[in-house]
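Here is the structure we will look at.
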Amino acid sequence: MLTLYNPSYSDNTATPYAWSVDPHGATDWLVALLAAQPLYSGGTPSTVSGFYGSGGTIYFVLRTASDSTSRSYRVGLQARSASDGSLVWQNDAVTADLYDTRAIQDVASDRLLILSQGSRKLGITTVDAESGQVLRSHFESCPADIPASGSQGIYTRCEWMAAATTADGTLRIPAFVANEVSPNTPEVFALHDAAAVPASIRVDQPGIDGAWYAPYESGQGFTLDYIASANVLFMPWFTYAPNTPFSVFAPSYLNDPARLAWYTFQGNPVLGATGVDLTIAITDPGTFDAGTVAARQVGSAHLSFIDCSSALLDYQFDADVNQGQHGLISLSRLTPSTSPCVLANGQTSPAQIGNTPAQGFDARQSGSWYDPATSGQGMEISIIPRSNDFNGFVFIAWFSYDPANRGDDPAQQHWFTLSNDLSTATNGSVTLPILRTIGGALDEKATGNTVQIGHAVLTMRGCDRATLQYQFDQTAITHSFVGLSGSIDLKKIGGCTIP
């Protein structure tokens with residue numbers, strides 16, 4: 001069996017075919033897999049491959065780019081009869097990739113594993129071999145080291161090789177792993193139960209609340225807050241400006257605080273649904289701890305949950321924002337859950353930490369906080385009270401802007417994180433370091449470049465009121481925030497129930 005593209009230069013297209021021949025070279029069958037695809041100056045951007053699966057079926061992987069400059073490929077699948085090439089099923093939207101996609105069949109379950117290969121992550125999509133339905137999508141990170149001084153460089157990558165599964169359902173895939181120290185180290189990775197599909201969960205519940213991130217691009221992430229009183233899922237993305245060819249070779253460029261960026265995602269889940277459609281918004285340029293600004297939509301997204309600690313975000317920016325970037329992000333829970341997680345089948349998984357209120361801190365204080373006088377900026381706060389065997393924890397993601405008259409980018413955006421345990425907290429008050437993380441790129445680069453640039457005192461004044469007193473350092477690394485100090489009175493969106 002062969003796959004090939006037959007070009008037609010008269011209309012600048014090419015048609016993908018599958019061609020089956022017998023041992024004597026005679027044609028058994030010849031079929032067109034897709035309609036003619038556009039050709040571009042560099043040749044066709046589409047590729048096709050196939051393999052023989054179980055039950056007399058051939059599976060074809062078809063990668064199609066939308067235009068000659070697309071950074072992403074749409075990946076579709078076809079199942080055809082090996083005897084005559086007739087179509088069994090077709091799924092044109094299995095996943096997306098940037099580099100290459102291969103498919104294998106799990107020998108334990110007969111499910112298809114679609115492996116989308118990137119330099120710093122491996123996408124794994126599980127597909128039902130009988131129907132073509134996508135059962136699960138997630139990513140595994142390349143284990144190449146992240147330099148503590150900044151982002152991954154051009155030499156930090158995994159070159160994934162051929163993959164196979166064993167009788168117990170373990171996926172094994174070799175790779176050449178490169179980092180700043182070792183240019184090419186062969187390793188083999190194993191993933192147990194690679195084709196397993198966990199029980200899905202519903203979106204409309206506080207069991208999803210907290211901080212989430214993609215392990216393969218640490219240094220950026222999301223906070224999720226389901227506001228039950230309004231049936232709204234609110235999800236800010238703390239990230240950076242997009243990568244550029246220049247930034248690959250210039251880590252100092254990536255480490256510019258002017259590259260800090262954030263967006264907000266928001267949607268209304270359908271009762272009991274396992275996914276939700278979201279709008280992506282950006283605000284007008286604002287001023288740190290001052291004034292109000294409006295927001296506008298700049299894209300759309302869909303968030304679906306694999307289980308209580310795993311989710312998949314499919315996002316698409318508008319054409320005039322971030323060059324219309326599209327991507328899939330596999331999210332893992334960063335902060336422990338403090339509310340039970342309700343599965344789609346009605347069963348409940350207990351909270352990872354269910355500590356009772358202590359020292360003036362209550363897990364129900366977790367959520368979205370803001371000062372009504374400065375609407376358009378705010379904080380996402382996660383609180384785990386102290387217990388006899390755990391010191392408790394506070395994590396804050398603070399999205400704001402550059403100080404007045406000190407803007408360093410057109411959007412004037414800035415964000416910080418604050419975190420500490422509650423071992424020294426008293427009467428609802430705790431001191432937190434103010435941290436800035438730089439060196440990343442939008443949905444692409446991991447970074448470990450986090451430094452303290454100040455401190456703050458968070459004081460909880462009830463279930464839905466709080467005050468943050470902040471003081472930034474008098475050091476050059478603090479950048480445009482040098483010496484700034486102040487106090488912010490905060491209100492929790494959606495309130496909370498007090499017994």
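Readers should treat all values here as calculations from the given coordinates under stated rules, not as data from a laboratory. Predicted model, so just to flag it, every value in this text is computed and none were measured. Cβ atoms come from the backbone with ideal geometry, glycine included; neighbour counts cover every protein chain shown.
For this structure, a couple of remarks:
- Furthest towards positive pole of dipole, Leu113, Tyr315, Gln352, structure part the chain, Cβ charges: Gln352
- When peptides 169-176, 443-450 are ranked by their average number of other Cβ atoms within 10 Å per residue, the highest-first order is 443-450, 169-176.
- Cα gyration tensor category, rounded, prolate or oblate, for region 287-395 with a/c compared to 1.5: oblate
- Contact order normalised by residue count of region 206-492, Cα under 8 Å, 6+ apart, percent: 18
- Over the chain, relative contact order from alpha-carbon pairs under 8 Å, at least 6 apart, %: 10
- Note on Lys121: aspartates and glutamates with a C-alpha under 14 Å away, same-chain residues under 8 apart excluded, are Asp97, Asp100, Glu140, Asp145, Glu159, Glu217, Asp443, Glu444.
- Spacing of the two label points (7 Å from each Cα toward its C-beta) at Asp84 and Asn184, in nm: 4.9
- Along the axis of the charge dipole computed for the chain (Cβ charges of +1 for Lys and Arg, -1 for Asp and Glu, origin at the Cα centre), the listed residues Cys158, Thr170, His479 are led at the positive end by His479.
- R0 of 30 Å, Cβ-Cβ distance Thr15-Ser131: FRET efficiency to nearest 0.05: 0.70
- This ranking places Asp409, Asp362, Asp225 by how few other beta-carbon atoms lie within 10 Å of each, fewest first, which gives Asp409, Asp362, Asp225.
- Calculated FRET efficiency for the pair Ile493/Arg296, C-beta based, R₀ 25 Å, to 0.05: 0.80
- Rounded to the nearest 20 debye, the dipole magnitude of the chain is 620 debye, with +1 charges on Lys and Arg beta carbons, -1 on Asp and Glu beta carbons, and the Cα centre as origin.
- Relative to its residue count, region 206-492 spans a Cα convex hull of 128 Å³ per residue.
- Between the residues Pro38, His24, Ile438, the greatest Cα displacement towards the positive end of the dipole of the chain, with unit charges on the Cβ of Lys, Arg, Asp and Glu, is found for Ile438.
- Amide hydrogen proximity for Gln37: with H placed 1.01 Å from N in the peptide plane, the residues at 5 or more positions away or on another chain lying under 5 Å are Ala14, Thr15.
- Cβ-based exposure ranking for Trp369, Trp89, in which fewest neighbours within 10 Å come first: Trp89, Trp369
- As a rough footprinting exposure proxy, the listed residues Tyr59, Tyr370 were ranked by other beta carbons within 10 Å of their own, and the order from fewest upward is Tyr370, Tyr59.
- Stretching Thr166 away from Val321 to a fully extended chain increases their span by 51.4 nm, per 0.36 nm per residue minus the current alpha-carbon distance.
- Hz values of 3J(HN,Hα) by residue in region 376-388 - Karplus curve (6.51, -1.76, 1.60), Gly and Pro given as x: x, 9, x, 9, 9, 10, 10, 10, 10, x, 6, 9, 5
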